[in-house]
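J.: Encoded as structure tokens, here's the structure I'll be asking about.
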Amino acid sequence: MSTPQQLFSYRKYWAERFGVAPVLPMSRAEMDDLGWDSCDVILVTGDAYVDHPSFGMALIGRLLEAQGFRVGIISQPDWKDVNAFRALGQPNLFFGVTSGNMDSMVNRYTADCRIRSDDAYTPDAEPNKRPDRAVLVYSQRCREAFSEVPIVLGGIEASLRRIAHYDYWSDKVRRSVLVDAKADILLYGNAERALVELAHRLARRENISEIHDLRGSVVFGASELANVIKLPSYEEVQSNPQLCAEATRQLYLESNPNNARILTQQHGERVITINPPPIPLTTPELDHVYELPYSRKPHPIYKDAKLPAYEMIKCSVTIMRGCFGGCSFCSITGHEGRIIQNRSQESVLNEIKEIRDRTPGFTGIISDLGGPSANMYHLECQNGKAQQSCRKFSCIYPNICTNMSCNHAPLIALYRKARAIDGIKKVFIASGVRYDLAIKSPEYVKELVTHHVGGYLKIAPEHVAAQPLAHMLKPGIKIYDRFQELFQRYSNACGKEQYIIPYFIAAHPGTTDEDMLELALWLKKNKFRLDKVQNFIPTPMTLATAMYHSGVSPLNNKGEKVVVPKGGRVRRLHKAFLRYHDPHNWPILRQALQRMGREDLIGNGKRYLVPSWQPKDLQKNR
């Protein structure tokens, strides 16, 4: 893995002379106030503009500003009107297009493909402020607005659609979003390195069509290098679901930046090249990114409107990126990679002080110190040689790799220093705790339970049956039981009544009706009555989505068959097992139990899963 140029070592662009903007402009009037005649880069996003590092357009915008570029924001434009994309004039270098912090289809639709009634990234949670497949629509409008301006795709929607992929909402395989959007280049993953280099090269008048060598990019044209992996073509994966699964498997095998090879994929007469993943940021680089001059507030244009996503994160701090868990249903590893990128303690503690001093109405509560995981901070492979050649999907399944550090001491030290800051009353941990890692450090569990839990801790075992867990790449339920024991022990020791709220997924590939019954019986035995439950959503490019579409496992090259709970009725049934206590679910559960030969679980009394009777007001559901 070559050493890249340091992120903030580039010679700054001449427009640096305009200085730092209080907020990045969203109108020509704001540009005039800054003395700008034009923008060098315009970012188009499906989210409201919040000048906070948890919002992608702010982080990317401030990063480019730190390089000397003038950056404007077009936020949630009217996608039916091309003039909305001309609001800031023609950018000198490129349009950067993203759907926002979420995939637009996940943002707009439930697991049952119903339109959601709200949008946390929109003022007052107003729905329908972004189109389906926003990256495609925004790109097309940018091209209509200024046909000669390069278009750069980024963000999670583009990142996870970088190759031909199965699309759950249309139930078909779609082309790489680069092809369908007719954009010039796609930057995937944490794209700071690639974006900064690209901006400077475009500023030097390089032609974007000739920039083929950026790590973390997808470009048109075949690679001329010899060591290239040729993925099954779009036409092949479209007609053969098993080849779709194989293409996904190959993509994940080539996800280690230390050894990843270039991938290519044919789309009709065109070919795309997927360059190796970006080299992770160093701690000083990541610190600098999060210490840029964010106002840490929504743009003033929103006035008193409430932004739920901002309200949720305004008092939380990102301490790391990446996840080496590799859960098959999760997009984080495919997007951010398996190598953990850490901020320094000093940088995190300074941000907590900044929140204390600059956040209106701050109550002394830090809502989270975390990231994709709560407790992977400064955990890394201890064997450099092994890491150079590793192609595992997960560093902790089926067991924690012997090369992986489980030392939670840096995280414990960070927690202690954070809660010792003047004016900080409580520091909660809201990111997901990897309990299989946590039990390797009882001292960490004690620290967490004693000081950082507000009565309830959310944990995601996801299932209890062996086969679903194997297809999820999640540890067995006995590991969860061990964590539960430690949690209860330390809660009792500190005199607190605290509870774990477990999260489970219904209808995941590899799950049978019998598996869901086993989970329902476990929930009843442990006296859990779940409120909100989630059916599996086949999001683009995850390993589990490849299973869902193909019916085979991409976890190896053996073509092993996987049972897939498809169709509305079976998905409703699996969700009903998670809420066995809800009378609305009793009719479908009774039918299933009778079909499964488990009438012994239907009856009146505590030992039965569901009663044989139905409330009068619900008898029409029989």
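The values are calculated or read from the model by the stated rules, or taken from the named source; none is laboratory data. These figures come from a predicted structure and were not determined experimentally. Glycine gets a Cβ as well: all are built from the backbone with ideal geometry, and neighbour counts include every protein chain shown. What goes into the accessible areas is simple: the full protein's heavy atoms, side chains included, and nothing from ligands, DNA or RNA. Shrake-Rupley method; radii C 1.70, N 1.55, O 1.52, S 1.80 Å.
J.: Using the per-residue mean of other Cβ atoms lying within 10 Å as a proxy for protection, in what order, highest first, do the peptides 418-427, 236-245, 337-346 fall?
T.: Details: 418-427: 14.5, 236-245: 19.2, 337-346: 20.8.
Going from most to least packed, we get 337-346, 236-245, 418-427.
J.: Right, here's the next one. For a quick protection proxy, order the peptides 115-121, 69-75, 223-229 by their average other-Cβ count within 10 Å, most packed first.
T.: Peptide ranking by packing, descending: 69-75, 115-121, 223-229.
J.: Let me ask another. If you count, for each residue, the other Cβ atoms within 10 Å and average over each peptide, how do 167-173, 78-84 line up from highest to lowest? Don't skip to the answer; put the middle values down first.
T.: Details: 167-173: 15.3, 78-84: 13.3.
In decreasing order of mean packing, 167-173, 78-84 become 167-173, 78-84.
J.: Moving to a separate point now. Pairs of Cα atoms under 8 Å, at least six residues apart: use those to get the relative contact order of the stretch 67-215, whole percent.
T.: Computed value for the stretch 67-215: 23 percent relative contact order.
J.: Still on this structure: Could you pull out the pairs from K426/K532; K303/K532; K172/K440; K230/K558 whose alpha carbons sit more than 31 Å apart here?
T.: K303/K532; K172/K440
J.: Per DSSP H run of at least 4 residues, take -39500 (n - 2.57); add these up for the chain, divide by its residues and hand me the 222 nm value, nearest 500 deg cm²/dmol.
T.: Working: 23 runs with 205 residues, N = 622.
Only helices count here, giving -9500 deg cm²/dmol.
J.: Also: Any idea which of I332, L24, L555 is furthest toward the positive side of the dipole for the chain, if Lys and Arg beta-carbons carry +1 and Asp and Glu beta-carbons -1?
T.: Comparing the listed Cα positions along the dipole, L555 ranks first.
J.: Using the heavy atoms of the protein chains and a 1.4 angstrom probe, tell me the accessible area per residue for the chain in square angstrom. Walk me through the numbers on the way to the answer.
T.: Working: 25780 Å² over 622 residues.
Heavy-atom accessible area per residue stands at 41 Å².
J.: Any idea which of Y294, I537, F95 is furthest toward the positive side of the dipole for the chain, if Lys and Arg beta-carbons carry +1 and Asp and Glu beta-carbons -1?
T.: Value: I537.
J.: While we're here: In debye, nearest 20: dipole of the chain around its Cα centre with unit charges on the Cβ of K, R (+) and D, E (-)?
T.: Numbers: 80 positive and 66 negative charges, 405 e Å.
Computed charge dipole of the chain: roughly 1940 debye.
J.: If one computes the Cα centroid of the stretch 148-219 and of the stretch 60-97, what distance in Å separates the two points?
T.: 16 Å
J.: Still on this structure, please answer the following. For the stretch 331-478, give the magnitude of the charge dipole about the Cα centre (Cβ charges: +1 Lys/Arg, -1 Asp/Glu; no others), in debye to the nearest 20. List each step's numbers first, then the result.
T.: Working: 19 positive and 12 negative charges, 45 e Å.
Once rounded to the nearest 20, the dipole reads 220 debye.
J.: Counting alpha carbon pairs within less than 8 Å and at least 6 residues apart, what relative contact order, in whole percent, applies to the chain?
T.: Details: 1211 pairs, mean separation 68.3, N = 622.
11 percent.
J.: What is the angle, in °, between the Cα long axis of helix 477-493 and the longest principal axis of the Cα atoms in the chain? Nearest 10 is fine, range 0 to 90.
T.: The angle comes out at about 90 degrees.
J.: Along the charge dipole of the stretch 138-199, pointing to its positive end and built from +1/-1 on Cβ of Lys, Arg, Asp and Glu, which listed residue (I156, C142, S176) has its Cα farthest out?
T.: Toward the positive end, the furthest listed residue is S176.
J.: Pop out the carbon and sulfur fraction of the accessible area of the chain as a percent, whole number, probe 1.4 Å. Can you show the working numbers first?
T.: Values: 12530 of 25780 Å².
Within the chain, the accessible surface is 49 percent carbon and sulfur.
J.: Would you work out if the stretch 142-209 is rounded, prolate or oblate? Take a ≥ b ≥ c from the square roots of the eigenvalues of the alpha-carbon gyration tensor; rounded if a/c is under 1.5, else prolate when a/b is larger than b/c, oblate otherwise.
T.: Working: a/c = 2.97, a/b = 1.65, b/c = 1.80.
Oblate is the answer for the stretch 142-209, as a/c is 1.5 or above yet b/c matches or exceeds a/b.
J.: Let me ask something else. What whole-number distance in Å separates the alpha-carbon centres of the stretch 509-551 and the stretch 565-622?
T.: 17 Å
J.: Cα centroid distance between the stretch 332-381 and the stretch 469-506, in Å?
T.: Each part's Cα centre sits 23 Å from the other's.
J.: Taking the Cα of A305, stepping 7 Å toward and past its beta carbon, and measuring to each backbone N in the stretch 32-60: which are under 15 Å?
T.: Backbone N within reach: 45-51.
J.: Compute the long axis of helix 134-145 from its Cα atoms, compare it with the longest principal axis of the Cα atoms of the chain, and write down the angle in degrees, 0 to 90, nearest 10.
T.: 20 degrees
J.: Let me ask something else about it. Using only Cα atoms, find the angle between the long axis of helix 513-525 and the longest principal axis of the chain, and express it within 0 to 90 degrees, rounded to the nearest 10.
T.: Between the helix axis and the principal axis of the chain, the angle is about 70 degrees.
J.: If I take R0 = 30 Å and measure r between the Cβ atoms of K616 and E560 in this structure, what FRET efficiency does the formula 1/(1 + (r/R0)^6) give, to the nearest 0.05?
T.: Details: r = 48 Å, r/R0 = 1.61.
For R0 = 30 Å, the calculated efficiency reads 0.05.
J.: Also: Grab the other residues whose beta carbon is less than 15 angstrom from that of G155, score K and R as +1, D and E as -1, and report the net.
T.: Working: positive: R130, R133, R161, R162, R321; negative: D47, D103, E157, E192, E336.
After counting each charged neighbour, the total is 0.
J.: Right, another one. Subtracting the Cα-Cα distance from 0.36 nm times the residue separation, let me have the gained length for R11 to D171 in nm, one decimal.
T.: Numbers: separation 160, 0.36 × 160 = 57.60 nm, distance 4.74 nm.
Between R11 and D171, full extension yields an extra 52.9 nm.
J.: If you don't mind, there's one more thing I want to ask. Only bridges with both residues in the chain count here: give the DSSP antiparallel percent, nearest 5. Numbers along the way, then the final one.
T.: Working: 19 of 49 bridges.
Roughly 40 percent of the beta bridges in the chain run antiparallel, per DSSP.
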